[in-house]
Amino acid sequence: MQFWVGQKKLMVLYDRYTKPLCEKFGLTHMELEVLAFLSTNPQYDTAADIVRLRSLAKSHVSIAQKTLCEKGLLEHTRIDGNRKSIHLRITEKATDIVEEIRRTQVNFGLKLFAGISPSDIELCGKVFDRICENADDIIINDKQF
């Protein structure tokens with residue numbers, strides 16, 4: 001049970017940490033999340049990728065994508081004549097925003113992992129990756145979900 005309480009605390013803290021960025025750049029939290037995701041995962045450049053990999057609501061990602069394009073922070077293109085698959089790219093206009101998001105995320109991580117040895121951080125990452133793999137397996141294979 002403590003794991004779930006801790007996970008919720010981390011989400012609340014991250015939201016608090018990124019709120020000043022949202023206010024500074026006039027972004028919603030979801031818009032910030034879309035920019036952050038695309039900047040750190042350039043190989044996953046569709047809204048469907050963001051929805052699938054971040055477990056976010058399709059409608060929220062769609063609205064954020066549309067607004068970011070209107071603000072000139074994202075561009076979308078269709079590749080290989082595929083009319084359904086829209087690929088997203090962060091524009092040059094968003095460069096400063098993305099850099100500040102990255103700095104904020106790094107600072108957030110440094111504070112969270114303060115006083116924890118590199119080997120313990122590595123172990124924590126491995127355990128968490130395994131938990132996520134188990135969750136994915138349950139989602140895919142367990143028919144009751």
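Condition check ((1) without any contact (Cβ under 8 Å) to a residue 40 or more places away in the chain; (2) surrounded by fewer than 11 Cβ atoms within 10 Å (Cβ to Cβ)) across all residues:
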site: Ile101; (1), (2): no, no
site: Gln105; (1), (2): no, no
site: Ile121; (1), (2): yes, no
site: Asn134; (1), (2): yes, yes
The one condition Ala114 fails out of (1) of a type in the set (Gly, Ala, Ser); (2) in a helix (DSSP H, G or I); (3) over 22 Å from the mean Cα position of the chain (by Cα); (4) under 23 Å from Asp15 (Cβ atoms) is (2)
Just to be sure I understand the filter: pairs with C-beta atoms under 6 Å, separated by 6 or more residues or on different chains, first member in the stretch 55-66 and within 23 Å of Cys132 (Cα to Cα), second member assigned to a helix (DSSP H, G or I). Which pairs pass?
Lys58/Val51; His60/Met30; Val61/Ala47; Val61/Ile50; Val61/Val51
I need a count of the residues in the stretch 87-97 that are surrounded by fewer than 17 Cβ atoms within 10 Å (Cβ to Cβ) and within 18 Å of the chain's Cα centre (by Cα).
5
What is the number of the single condition among (1) in a loop (DSSP other than H, G, I, E, B); (2) at pLDDT below 95 that Gly72 does not meet?
(2)
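The values are calculated or read from the model by the stated rules, or taken from the named source; none is laboratory data. Nothing here was measured: the structure is a model prediction, and the numbers come from that model. Glycine also receives a Cβ, built like all others from the backbone with ideal geometry; neighbour counts cover every protein chain displayed.
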